[in-house]
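Enquirer: I have a structure here, written as structure tokens, and I will follow up with some questions on it.
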Amino acid sequence: MKQQSIIIELLEDTVISATSATAGAHHSLDYIPGATLLGAAAARLYGQLGSAAFEVFHGNAARFSDGLPLAGDHPAWPVPLSWHEKKFEPARADGTIDGEQLVNLASGERPEGDQIKQLREAHVDIATGTWIKPTLRLRMKTALENGSAKESALFGYEAIPAGSRFLATIAARDEQLLGQLTEVFSHGILIGRSRSTEYGRASVSLVDPPALPQSVPSPIDGLTFLYLASDLCLLDRNGQPCLAPEGEDLGIEGAKLVPEKSFLRTRSYAPWNAYRRHHDMERQVIARGSVLALSGGIDPAALKAIAREGLGLYRNQGLGRVLVNPGFVVDPNAAIGKGGLATPVEDVPRTPDSPLIRLLIERADMGNEKTRIVQQAEEFSERIRKVLDQARLAGGILDSEEFGPSKSQWKKFRDLRQKHHGSIDKLLTEIFGSNGIARPDHQNWGTKIWVGSEQLKIADWFRRELEREAERDPIKSASNRTEALRRLVIETAILMAKEETRR
């Protein structure tokens with residue numbers, strides 16, 4: 001999949017609720033879930049994608065990772081649950097982790113005679129050892145009734161403060177879709193709860209992929225460590241939640257979970273679906289930061305696939321991101337503050353080269369191109385209708401009166417299906433020339449309208465807009481730009497004829 005990393009900067013305090021419960025104290029997450037980013041993209045793009053929207057936002061055509069706190073130019077990772085510190089010799093000092101004082105029970109032993117406590121609910125910058133835990137803000141509010149405070153309606157919001165920065169990754173099946181998704185974010189987004197008031201506004205910028213923690217061999221013979229960088233939702237063979245997975249549950253044949261070296265936390269929540277105004281199905285997940293120790297002969301190819309593709313359900317919403325044998329889990333003393341980052345290399349499986357595969361890829365590309373042109377035609381026809389409606393209103397012309405091209409004139413463009421043209425100029429001449437379908441001297445096409453501060457004939461305005469459309473995607477990316485423009489004209493005319501029929 002093609003990937004693009006983004007930096008999200010909060011311009012306002014943002015409420016990212018840990019649960020959708022309305023009773024009890026409110027708690028906010030200190031990161032941005034991938035589901036939140038998916039929802040922000042779907043709110044703007046779902047209608048434009050048409051039938052393809054289901055695969056994009058409910059399938060695996062696109063994925064949105066969790067937004068992790070930014071540390072320099074790379075993300076800070078959830079603290080591994082295998083990390084502990086001695087009660088009277090803390091590993092944290094002045095906001096930094098001391099690797100020598102850290103007790104890592106995944107690859108080490110419990111110290112005798114010392115009380116230890118687990119480190120959690122924070123993030124850590126592996127390169128510098130900086131301990132990162134955003135200070136959340138709490139604001140108390142009350143509901144209003146008849147312009148005054150409603151009785152017994154006091155509530156509070158815990159929020160991530162404005163100015164916080166997070167790094168996330170968007171992945172898509174192809175460059176075209178990735179471009180559409182990143183374009184949505186380029187204009188800023190609204191995320192979290194209470195977006196209609198003073199919460200949730202954020203800006204987004206594109207960045208290069210960050211450096212990732214290096215993988216190292218395990219010092220314990222036969223053990224492999226899987227570190228969960230995000231929540232993991234698994235089902236067993238019976239379709240029930242799996243919170244203590246064995247190798248077969250992870251898709252790793254022959255692997256066994258080693259409980260004494262594994263550190264798992266679980267949580268359950270029911271996501272709130274703002275579109276349907278209802279809860280989705282409850283999820284029981286293994287929490288981010290958990291460490292799974294596996295024994296047995298494990299195929300390196302299976303581990304590589306897990307690191308690349310992730311595990312479990314809802315991976316399009318950021319769940320199931322896994323690091324295999326990261327240095328800060330295997331040997332934190334050697335990794336923390338020592339750099340320990342490697343430039344990511346996208347591992348894309350090669351497509352078999354055969355005549356059948358090439359034919360299928362060519363047909364898939366043609367289908368995608370047709371879908372994109374139809375979407376562009378829908379946008380273009382809507383713009384035409386708005387211009388004509390405004391011109392009709394400005395001229396005081398009733399809806400019952402004839403104005404502009406008729407249904408039959410739009411239908412004439414369908415004759416272009418059987419014609420072939422060598423260049424865009426020849427195609428435009430056939431449409432707008434002296435004998436063309438939309439010639440400027442025709443009674444309806446020659447009607448003058450005001451467009452902004454210009455007065456143009458409908459045919460001249462239509463031609464100008466077509467030439468502009470020819471410079472936009474998907475026309476630019478089409479293998480035959482003339483053919484693509486011809487299809488755009490036909491699809492637009494069909495939509496306009498349908499609109500005229502409806503009226």
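Enquirer: When you scan region 142-163, do you find a residue that is closer than 30 Å to Ala61 by Cα, surrounded by 15 or more Cβ atoms within 10 Å (Cβ to Cβ) and hydroxyl-bearing (Ser, Thr, Tyr), even just one?
Expert: no
Enquirer: Tally up the residues in region 246-278 that are in a strand (DSSP E or B), under 20 Å from Leu235 (Cβ atoms) and among the polar types (S, T, N, Q), please.
Expert: 2
Enquirer: Within region 109-167, can you find the residues that are among the small types (Gly, Ala, Ser), under 26 Å from the mean Cα position of the chain (by Cα) and part of a strand (DSSP E or B)?
Expert: Result: Ala159, single match.
Enquirer: What residue, of Asp94, Asp98, Asp30, is in contact with a His (Cβ under 8 Å, 6 or more places away or on another chain) and charged (D, E, K, R)?
Expert: Asp30
Enquirer: Further question: Quick check, is Thr501 in a helix (DSSP H, G or I) and either at pLDDT 75 or above or of a type in the set (Asp, Glu) (or both)?
Expert: no
Enquirer: Could you please find all residues in region 33-83 being among the charged types (D, E, K, R) and more than 23 Å from Asp280 (Cβ to Cβ)?
Expert: Asp73
Enquirer: For region 103-124, how many residues meet the condition of being of a type in the set (Lys, Arg), in contact (Cβ under 8 Å) with a residue 12 or more places away in the chain and within 23 Å of Ser218 (Cα to Cα)? First the steps, then the outcome.
Expert: Pass one, region 103-124, residues of a type in the set (Lys, Arg): 110, 117, 120.
Narrowing the set further to residues that are in contact (Cβ under 8 Å) with a residue 12 or more places away in the chain leaves 117, 120.
The next check asks that each one be within 23 Å of Ser218 (Cα to Cα); those that pass are 120.
The number of residues fulfilling the criteria is 1.
Enquirer: May I pose another question? Filtering region 323-350 down to residues that are modelled with pLDDT of 65 or more and in a strand (DSSP E or B), which residue is nearest to Ala293 (Cα to Cα)?
Expert: Across region 323-350, the extreme among qualifying residues is Val324.
Enquirer: List the strands (runs of 3 or more DSSP E) inside region 1-101, counting only whole elements, that have at least 1 residues being in contact (Cβ under 8 Å) with a residue 12 or more places away in the chain, basic (Lys, Arg) and surrounded by fewer than 21 Cβ atoms within 10 Å (Cβ to Cβ).
Expert: It comes to 2-10, 83-86.
Enquirer: Is it the case that Ser203 is out of contact with any Pro (no Cβ under 9 Å at 6 or more places or on another chain) and not charged (D, E, K, R)? So that I can check it myself, show each step before the final result.
Expert: Numbers: out of contact with any Pro (no Cβ under 9 Å at 6 or more places or on another chain): yes; not charged (D, E, K, R): yes.
Against the criterion (out of contact with any Pro (no Cβ under 9 Å at 6 or more places or on another chain) and not charged (D, E, K, R)), Ser203 qualifies.
Enquirer: Take Glu309 and decide whether it is surrounded by 14 or more Cβ atoms within 10 Å (Cβ to Cβ), at pLDDT below 90 and farther than 27 Å from Arg195 by Cβ.
Expert: It is true that Glu309 is surrounded by 14 or more Cβ atoms within 10 Å (Cβ to Cβ), at pLDDT below 90 and farther than 27 Å from Arg195 by Cβ.
Enquirer: So, one more: Looking only at region 284-305, count every residue that is at pLDDT below 90 and under 30 Å from the mean Cα position of the chain (by Cα) and tell me the total.
Expert: Residues that pass the stated criteria total 6.
Enquirer: Can you spot a residue in region 170-192 that is farther than 26 Å from Lys2 by Cβ, at pLDDT below 90 and in the same structural domain as Ala61 (by TED's automatic domain parsing)?
Expert: Within region 170-192, one or more residues are farther than 26 Å from Lys2 by Cβ, at pLDDT below 90 and in the same structural domain as Ala61 (by TED's automatic domain parsing).
Enquirer: Looking at Ser186, Ser203, which one is free of Cβ contacts under 8 Å to residues at least 60 places away in the same chain, within 20 Å of the chain's Cα centre (by Cα) and either more than 30 Å from Arg110 (Cα to Cα) or surrounded by 15 or more Cβ atoms within 10 Å (Cβ to Cβ) (or both)?
Expert: After ruling out the rest, the residue left standing is Ser186.
Enquirer: Also: Give all pairs with beta carbons closer than 9 Å in which a residue from region 233-247 that is within 13 Å of Leu257 (Cβ to Cβ) meets a residue that is of a type in the set (Lys, Arg); count only pairs at least 6 apart in sequence or on separate chains.
Expert: Partner pairs satisfying both residue conditions: Glu246/Lys256; Gly247/Lys256.
The values are calculated or read from the model by the stated rules, or taken from the named source; none is laboratory data. This one's a predicted model, so the numbers in the text were calculated from it and none came from an experiment. Every residue, glycine as well, gets a Cβ built from its backbone with ideal geometry; the counts of neighbours run over all protein chains shown.
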